[in-house]
């Protein structure tokens, strides 16, 4: 789903509300992803705010079983129409310091905002790490054969009997 920048600018108060209830490409979910977003135009910037709800299908890092996690994301994304860096700055070879307001997505050469991409990035960046099915998950007993047991280096055996006097 794409939102035209002109539609946002021509909306009442330059603010466009959308309700998204669909699947997102490359995002494995149980059911559809639901999002309520407000796109607002501020000069050469577009801001997207709202909430995303998704039941994401994941694999537990400990027991490797499939499970579903309910993910709720608060979205506050800013887009810049055109480039953030002028041609002079880009070709000067000098370092540019990024400030807090510089973390925006450039919309150079496009006249639409890709809502699917916004939702995909927001959800995937909010998947917990490590990804476990349950807080008490200790892994599967079948996994134990893959876990490396403590192996001592025979060259260090001499240090086991070493006594140090103070």
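Quick note: the coordinates plus some simple rules give every number you see, no bench work behind them. Since the model is a prediction, treat every value here as computed from it, not as a measurement. Don't worry about glycine lacking a Cβ; one is built from the backbone with ideal geometry, like all the others, and counts go over all protein chains shown.
A compact table of results
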{"read-out": "Verdict on residue 4 being touching a strand residue (DSSP E or B) at 6+ places or on another chain (Cβ under 6 Å) and closer than 30 Å to residue 139 by Cβ", "value": "no"}
{"read-out": "Pick from segment 25-47, criterion under 18 Å from the mean Cα position of the chain (by Cα), in contact (Cβ under 8 Å) with a residue 40 or more places away in the chain and part of a strand (DSSP E or B), ranking: surrounded by the most Cβ atoms within 10 Å (Cβ to Cβ)", "value": "35"}
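Residues checked against (1) closer than 12 Å to residue 119 by Cβ; (2) in contact with a helix residue (DSSP H, G or I) (Cβ under 6 Å, 6 or more places away or on another chain):
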site	(1), (2)
5	no, no
9	no, no
14	no, no
23	yes, no
29	yes, no
39	no, yes
43	no, no
51	yes, no
54	yes, yes
